[in-house]
Structure formats: C-alpha cells, structure tokens
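As structure tokens, the structure follows; a few thoughts come after it.
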Amino acid sequence: MANENEKKSNALDKLIGWAIEAGQQDIDQYVEKLRSQNPGISREALAKKIVRRKSVKSGLVGAGTGLGGILSLPVAIPFDLAASWKIQICMALAVARVYGHNTKTVDVKTDIYLILAGDAVKEVFKKIGVEAAKDVTKKAVEKYITKDVMKKIWKVVSRKIITKAGEKSTTSFTKMVPLVGAPVGYAFDWFATKAVGKTAIHYYSGEG
C-alpha cells in the first residue's frame, strides 16, 4: 500500500507540473476573455464565475475525456480522477491570474499542492507548529513557510490529497449502473471542484 501511494504521489506531482506548464497560455487567454465579456466585474465575482464554470465541467467530465496530452503521462491514477485534477489545477491557476498573481514562478507548484489539499493543510501545519495554520493564504505561506519547512511537509500534503481522492473510488462502482452512476459521479466531482475553487479564492485573495 505504501508503495502504491508513493506511485500515486509521484503521478500527482507529474500531473501538476504538466498542467502548469501546458496550460499557462490558455489560462491567460481564458481569464482575459471573461474579463472582456464582463466589463467592470470585480475580482471576486470573476473568480466565482470561473469556479462555477469549472465545477460544472468537472462534473460532466468522464474517464478519459478532456485529458489532452496527459494520456501520454505514466500516471498511476484513474483517468477520470486525473481529468478532475487537471480541471481543478487550471481553475486554481485562473483564480491566481484574476487576483494578479504570477503563475510562472517556481512557487506556483506549492500553491497548487496546498489548494488541492484544502483544510487538510491546517492539520499538517499544526503538527509541525507552523503559524500559517491559522489562515492558509498565499501571503501567510510566503511569510511563515520557508523552502526547508515546505520540503518537510511536502510528502505529507501529497498523501492528504491522495487520501481525499480515495473517497472518489467509493463511488466509482455506481458508474456501472445506468441512470444512477452518472448523477452520483457528477455530484461528487461538482462538489469537490467547488470546494477546491473556494479554497483557491481564499488562498489568493486572503490577507494572511
């Protein structure tokens, strides 16, 4: 089991790196297009619009769909989960752009890990006595988390994300039942992406 989780953690790391590198230009264009279509819209309203759209897309995505180049990656995770993660990562990057953050820095990978982990990050930070546990935002992380500290908690955060993802597998069997599996799968992915989007907005907009 430990070896299996290690494989999944490595696969997640590759997926995050690939999504960041491959999606930059499309994300910038996507955000600017939404801004032009909604003149005068506030940052918060634009970010929430992005989260709503991506949550619906995540709910609709099926195994092997919307994966693009990721199909060529040696991932050790189900394709439908990889697709959901890809959408969530791109959504987080779009929210970052909305709030004026540079998504082309080396720190953006750290941001994605923390956002995907959600509230589980607070538990990890508390265990090692990091003050940012009170309010996990980008400003707080930049203030309290050094690169050395982040290396110590890196694998723990990754395992938290994998554990959260394991909840999805419990609903996978329902996909084999017509008219039952589809609504369950849609609801799970919609709620999961919505939660990640809420975390992303707080992370990038918070004062810390």
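The values are calculated or read from the model by the stated rules, or taken from the named source; none is laboratory data. Model, not experiment: these values are computed from the prediction. No Cβ is skipped: glycine too gets one built from the backbone with ideal geometry, and neighbour counts run over all protein chains shown. We work out accessible area using only protein heavy atoms, side chains counted, and drop any ligands, DNA or RNA first. Shrake-Rupley method; radii C 1.70, N 1.55, O 1.52, S 1.80 Å.
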All positions within the stretch 131-154 that are over 22 Å from the mean Cα position of the chain (by Cα) and at pLDDT below 75: E131
Among residues of the stretch 36-51 being surrounded by 14 or more Cβ atoms within 10 Å (Cβ to Cβ) and either among the β-branched types (V, I, T) or modelled with pLDDT under 95 (or both), the residue farthest from the chain's Cα centre (by Cα) is I41
Here are some conditions: (1) surrounded by fewer than 15 Cβ atoms within 10 Å (Cβ to Cβ); (2) closer than 20 Å to D189 by Cα; (3) at pLDDT 75 or above. Q25 meets all but one. Which one does it not meet? (2)
Among (1) at pLDDT 75 or above; (2) closer than 14 Å to K8 by Cβ; (3) open to solvent by less than 20 Å² (accessible area, probe 1.4 Å), there is one condition I89 misses while meeting the rest; what is its number? (2)
Does any residue in the stretch 26-42 that is under 23 Å from K104 (Cα atoms) come within less than 9 Å, Cβ to Cβ, of a residue that is assigned to a loop (DSSP other than H, G, I, E, B) and not hydroxyl-bearing (S, T, Y) six or more places away or on a different chain, and which pairs are these? L34/I41; R35/I41
I'd like to know if the stretch 129-139 contains one or more residues that are part of a helix (DSSP H, G or I) and out of contact with any helix residue (DSSP H, G or I) (no Cβ under 9 Å at 6 or more places or on another chain). yes
Does at least one position in the stretch 35-42 carry a residue that is assigned to a helix (DSSP H, G or I) and touching a helix residue (DSSP H, G or I) at 6+ places or on another chain (Cβ under 6 Å)? no
I'm trying to understand the selection: among the residues of the stretch 77-86, which are open to solvent by 10 Å² or more (accessible area, probe 1.4 Å), aliphatic (A, V, I, L, M) and either touching a Leu at 6+ places or on another chain (Cβ under 9 Å) or under 12 Å from K54 (Cα atoms) (or both)? I77
Mind counting the residues in the stretch 155-183 that are crowded, with 16+ Cβ neighbours inside 10 Å and at pLDDT below 65? 2
